[in-house]
Amino acid sequence: FHGERAKEVFIGNSELRSLNRTQRARIVGLRNEYESMFQKELEDGIRQGKFLPVDVHVTAFGILAMTSWVSSWYSPRGRLSLEQIAEIYSDMVLRGIWNPAAGQLETHLRRVGRENSRRALAGAGAAK
């Protein structure tokens, strides 16, 4: 999202202070919900033993900052596509928080990929 909508992201980030109290509270509330979703995923991963016991708030903020800041430097004329950047970011984050005691990350990703593919196919079949 952020890489494809750099102008909107800039305006959203820089003009939050210009909103009235009610508007700002609504937007900040939505942002807090979004941040909470990331924190919940981290907490779930830690509870399941898949992620290392990291500081959930700092880690979530770091991931969000890293991924949203792409809007300030990404160019479609650059050497990497947004998909390639997303792959690099995903790899960097997962390798940083993955708990080796949970097994090999690559094995887990292959299994999850297969499960997601099966769900997508089952959903497509049910939609017919």
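The values are calculated or read from the model by the stated rules, or taken from the named source; none is laboratory data. None of these values were measured; they are calculated from a predicted model. Heavy atoms of the whole protein, side chains included, go into the accessibility calculation; ligands, DNA and RNA do not. Shrake-Rupley method; radii C 1.70, N 1.55, O 1.52, S 1.80 Å.
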- Task: Determine whether segment 66-88 contains at least one residue that is modelled with pLDDT of 90 or more, aromatic (Phe, Trp, Tyr) and open to solvent by 50 Å² or more (accessible area, probe 1.4 Å).
- Result: no
- Item | Candidate set from segment 12-23 (those that are open to solvent by less than 100 Å² (accessible area, probe 1.4 Å) and part of a helix (DSSP H, G or I)); member that is modelled with the lowest pLDDT | Gly12
